[in-house]
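Before any comments, here is the structure.
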Amino acid sequence: MSASLRALAMSAVLALVFALAACGDDVAPPPPAKVTIEALSPTVAAPSAIPTGGKPAAPAASPTPAEESPTAPAPAETPAAGPTSTPPPAATAAPSAPSTGRWIEVDVTSYIVRLMDGESVVREIAPVGVGVQVDTGAYLSTQTGLFHVNSKNEALVYDAPYDTYISHWVGFDPARDNGFHSFLKDATGAVVDASTGRVSNGCIRTGDADAVFAFAEIGMPVWVHA
């Protein structure tokens, strides 16, 4: 073999040795690809339902019926099937106050509530708030007459018409959802509106609603007068 071929073969051997050395265990593997794990967004809990009470907003007015075609005859009325329901009466006429038993008096002219036992005054609460309307017959009116306690709820509840809270509800006029309750409060129970006189949407507001609540019993007469 010539010297040149011998040198070329030696070079090939050396190149192979270096290549094998480069593939050995001493060569560090490439770093693994980084994987980014995003933190999960916290779940937002739905707000808890707010207990509501008191008197709802005035019912929406009935929609005006569409005008009939002038060329089409009006259809004959068909009697409704089954018995029809009638709203409860506003109140029972009361020419005079109850004279026996325990009852509650509301004077819408002097803005006074009296807790009565027969003809004796157990407690007088004044001034109170009554409806801006009195005896108009509207849903937002404080009607005079003889009523009876039909519901009680001591809890602090949301009063939607005024976006406030009230407590110590004592209902007595179901036709208009009127009742006694506290002055208007915030969510913590602090009074935010202690207005009296002709201020409400029919209910009787008082700063001593707890006393009215403790005195009242389901079925107790409530005499409202001017």
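The values are calculated or read from the model by the stated rules, or taken from the named source; none is laboratory data. Fair warning: this is a prediction, and the values are worked out from it, not measured in the lab. All Cβ positions, glycine included, derive from the backbone under ideal geometry; neighbour counts span all protein chains shown.
For this structure, a couple of remarks:
- Members of region 200-214 that are hydrophobic (A, V, I, L, M, F, W, C) and either within 24 Å of the chain's Cα centre (by Cα) or buried (at least 22 other Cβ atoms within 10 Å of the Cβ) (or both): Cys203, Ile204, Ala209, Val212, Phe213
- Filtered by the rule that a residue be surrounded by fewer than 18 Cβ atoms within 10 Å (Cβ to Cβ), farther than 14 Å from Arg205 by Cβ and not aliphatic (A, V, I, L, M), region 149-172 gives Asn150, Ser151, Lys152, Glu154, Tyr158, Asp163.
- Residues of region 124-157 classified as assigned to a loop (DSSP other than H, G, I, E, B) and in contact with a strand residue (DSSP E or B) (Cβ under 6 Å, 6 or more places away or on another chain), total: 8
- Apart from one condition, Val132 fits all of (1) among the hydrophobic types (A, V, I, L, M, F, W, C); (2) in contact with a Pro (Cβ under 7 Å, 6 or more places away or on another chain); (3) closer than 22 Å to Asp193 by Cβ; the exception is (2).
- Among the residues of this structure, Arg176 does not count as one that is farther than 21 Å from Trp103 by Cβ and surrounded by 14 or more Cβ atoms within 10 Å (Cβ to Cβ).
- Looking at region 164-215, the strands (runs of 3 or more DSSP E) lying wholly inside it that each contain 3 or more residues that are within 17 Å of Lys55 (Cα to Cα) and modelled with pLDDT of 95 or more sit at 164-166, 169-173, 178-182, 197-200, 204-206.
- Some residue of region 109-124 being under 27 Å from Pro51 (Cα atoms) and not β-branched (Val, Ile, Thr): no
- Region 159-199: number of residues that are more than 18 Å from the chain's Cα centre (by Cα) and not hydrophobic (A, V, I, L, M, F, W, C): 8
- If the condition is being modelled with pLDDT of 95 or more and part of a loop (DSSP other than H, G, I, E, B), then region 97-116 contributes Pro98, Thr100, Gly101, Val108, Thr109, Ser110, Tyr111.
- Considering Val128, Val149, Val122, the condition of being of a type in the set (A, V, I, L, M), farther than 19 Å from Ala97 by Cα and at pLDDT 95 or above is satisfied by Val128 alone.
- Selection status of Gly82, modelled with pLDDT of 95 or more and over 22 Å from Phe183 (Cβ atoms): no
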